[in-house]
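Read the figures in this text as sums done on the coordinates, not as results from a lab. What you see is a predicted model; the values in this text were computed from it and never measured. No Cβ is skipped: glycine too gets one built from the backbone with ideal geometry, and neighbour counts run over all protein chains shown.
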Ligand code: ATP
Ligand code: MG
């Protein structure tokens with residue numbers, strides 16, 4: 001997204017205003033105002049096709065909003081009502097309508113205090129950056145931009161509406177958001193912003209792991225997040241967000257970050273790329289409250305890539321046996337593991353070809369033991385017990401080592417093994 005900027009457009013909001021018209025008419029009838037706000041306005045002004053939610057802000061209090069939308073909405077949700085947000089769906093359109101706020105976002109205190117306001121500019125002044133502090137009146141289409149966000153967008157400047165000290169002090173998570181917007185839109189921090197963040201970096205300690213994870217994931221969704229990570233290093237926040245990455249020496253860190261940009265913009269996949277370089281992310285997994293599923297995926301990718309590294313003779317040919325062993329250990333994430341190994345620079349050699357060949361021959365189906373416990377007991381004259389388990393493990397090994405065989409051959413081999421084992 002760097003380089004020359006898209007023209008800043010006027011009047012590009014008509015379709016959005018039309019889309020929300022059923023709702024906006026009701027606000028007008030009730031004597032209230034409604035504005036499109038935040039990322040959607042920013043992205044439209046940049047000429048980007050926005051995937052943003054429809055965020056709106058109003059002077060009506062949340063209980064009034066609820067009343068106003070009640071009989072036009074197909075669904076209403078009120079989880080955010082405490083913070084002033086009423087969510088609604090009309091057909092395919094999802095809108096989150098938030099009452100103007102006068103306080104900072106206070107998601108981390110035990111008893112968040114939200115003071116509502118009837119003043120749009122007060123609300124915009126409490127937003128994170130000037131480029132996000134613009135609103136479009138859904139009735140007349142007028143752009144409200146009291147902090148010159150449009151000019152900052154055109155000039156490529158990242159600036160807080162109030163002083164950065166006040167803004168970052170109120171909600172330290174904004175320092176992480178700064179990293180994201182810097183990376184995503186190539187916005188350069190205005191003088192004083194970096195210094196303010198550096199002086200307030202410790203305050204990130206009051207922010208919950210969940211919120212930090214949320215922002216980190218959004219940074220990891222940026223096509224090239226590298227400038228965001230450099231920002232975090234500059235302001236001394238990197239070690240608080242991903243300590244394992246921050247502890248790497250400069251070269252290893254650069255290598256890891258360069259790999260991110262060439263890996264699909266999937267946050268968990270990219271965390272696995274970092275985990276590969278840092279020999280794990282145990283500390284961050286806990287601190288960021290990663291879900292069990294995400295942690296398992298990261299470990300699975302890293303371990304699988306490691307097996308490819310060991311199994312492939314440095315890019316040389318893959319034996320059928322080593323392919324079978326890899327498939328058995330990687331399970332359902334095999335294809336992801338192969339892609340991932342490529343992303344972290346492992347030579348996969350002819351693995352994809354070998355995989356295709358064996359898969360086509362049905363060699364990769366049922367990679368477990370060829371016989372069941374009952375068959376083993378009948379063949380060897382055993383009762384249920386540890387010896388049956390031992391025999392099944394031997395069969396599993398046979399399957400991986402030598403591939404698919406006729407069941408008569410399997411039975412013969414099993415009996416052969418059993419007789420040498422019994423006599424030995
Ligand atoms: P994206 O395109 O990634 O969704 P966005 O700008 O829409 O970016 P959101 O997190 O969806 O960001 O938030 C919507 C709007 O709410 C922002 O544009 C900003 O005006 C405001 N906002 C969100 N989080 C904060 C915060 N922590 N402090 C201040 N304002 C915030
Ligand atoms: Mg958004």
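Using 0.36 nm per residue and subtracting the Cα-Cα separation, the extra length available between residue 396 and residue 419 on full extension is 6.5 nm.
Below 8 Å, C-alpha to C-alpha, sequence gap of six or more: please give me the relative contact order for the stretch 292-360 in percent. Kindly include the intermediate steps, with their values, before the conclusion.
Working: 66 pairs, mean separation 28.8, N = 69.
With pairs under 8 Å counted, the relative contact order is 42 percent.
Once you have a ≥ b ≥ c as the square roots of the Cα gyration tensor eigenvalues for the stretch 12-103, tell me rounded if a/c is under 1.5, and otherwise prolate or oblate according to whether a/b is larger than b/c. Prolate, since a/c reaches 1.5 and a/b exceeds b/c. The share of Cα pairs per 10 Å bin across the stretch 1-159, counted from zero up to the longest distance, runs 11, 41, 35, 13, 1 percent. Which distance in nm do the two modelled labels at residue 221 and residue 70 give, with both placed 7 Å along the Cα-to-Cβ direction? Going from the residue 221 label point to the residue 70 one covers 3.4 nm. Taken along the Cα-to-beta-carbon direction at a fixed 7 Å, the label points for residue 366 and residue 92 span 4.6 nm.
Distance between the pseudo-spin-label points of residue 379 and residue 199 (7 Å out from Cα toward the beta carbon): 7.7 nm. The angle separating the long axis of helix 267-278 from the principal Cα axis of greatest extent in the chain is about 60 degrees. From the alpha carbon centroid of the stretch 233-261 to that of the stretch 311-369 is 31 Å. Within the listed set 175, 405, 310, the Gaussian network model of the chain (springs between alpha-carbon atoms below 10 Å) gives the highest mean-square fluctuation for 405. Compared with the dominant Cα axis of the chain, that is its longest principal axis, helix 320-330 is turned about 40°.
Indicate, rounded to the nearest 5 percent, the antiparallel portion of the DSSP beta bridges found entirely in the chain. Intermediate values should be presented prior to the final figure.
Numbers: 18 of 25 bridges.
Beta bridges within the chain, antiparallel portion: roughly 70 percent.
Sorted ascending by nearby beta carbons within 10 Å, beginning with the fewest, 58, 99 become 99, 58.
For the stretch 373-423, take the convex hull of the Cα atoms, compute a quarter of its surface area, and give me that in nm², please. Could the numbers behind the result be given before it?
Numbers: hull surface 13.3 nm².
Average projection, Cα convex hull of the stretch 373-423: 3.3 nm².
When you restrict to C-alpha pairs under 8 Å that are six or more residues apart and normalise by the size of the stretch 65-169, the relative contact order lands at 16 percent.
Distances longer than 28 Å among the Cα atoms of the chain: what percent of all pairs is that? Don't skip to the end; give the middle numbers.
Working: 55145 of 89676 pairs.
Tail fraction, whole percent: 61.
A Förster radius of 22 Å, combined with the Cβ-Cβ distance separating residue 353 from residue 303, puts the computed FRET efficiency at roughly 0.45. Run the paramagnetic zone check for residue 233: 7 angstrom along Cα to Cβ, then residues of the stretch 259-298 with backbone nitrogen under 20 Å. Within reach of a label on residue 233, which here means backbone N under 20 Å from a point 7 Å along Cα→Cβ, the stretch 259-298 contributes 259-263, 270-281, 284.
With a Förster radius of 25 Å, plug the Cβ-Cβ distance of residue 82 and residue 122 into 1/(1 + (r/R0)^6) and report the FRET value to the nearest 0.05.
On the way: r = 19 Å, r/R0 = 0.78.
My answer for the efficiency is 0.80.
What FRET efficiency, computed as 1/(1 + (r/R0)^6) with R0 = 45 Å and r the Cβ-Cβ distance, is obtained for residue 25 and residue 252, rounded to the nearest 0.05? About 0.15, to the nearest 0.05.
Taking the C-alpha atoms only, the angle from helix 407-423 to the longest principal axis of the chain is near 70 degrees.
Overall shape: oblate for the stretch 92-213, with the ratio a/c of the largest to smallest alpha carbon gyration tensor axis at 1.5 or above and b/c at least equal to a/b. Classified by the C-alpha gyration tensor, the stretch 255-383 has an oblate form. Its axis ratio a/c, with a ≥ b ≥ c, is 1.5 or above, and a/b does not exceed b/c.
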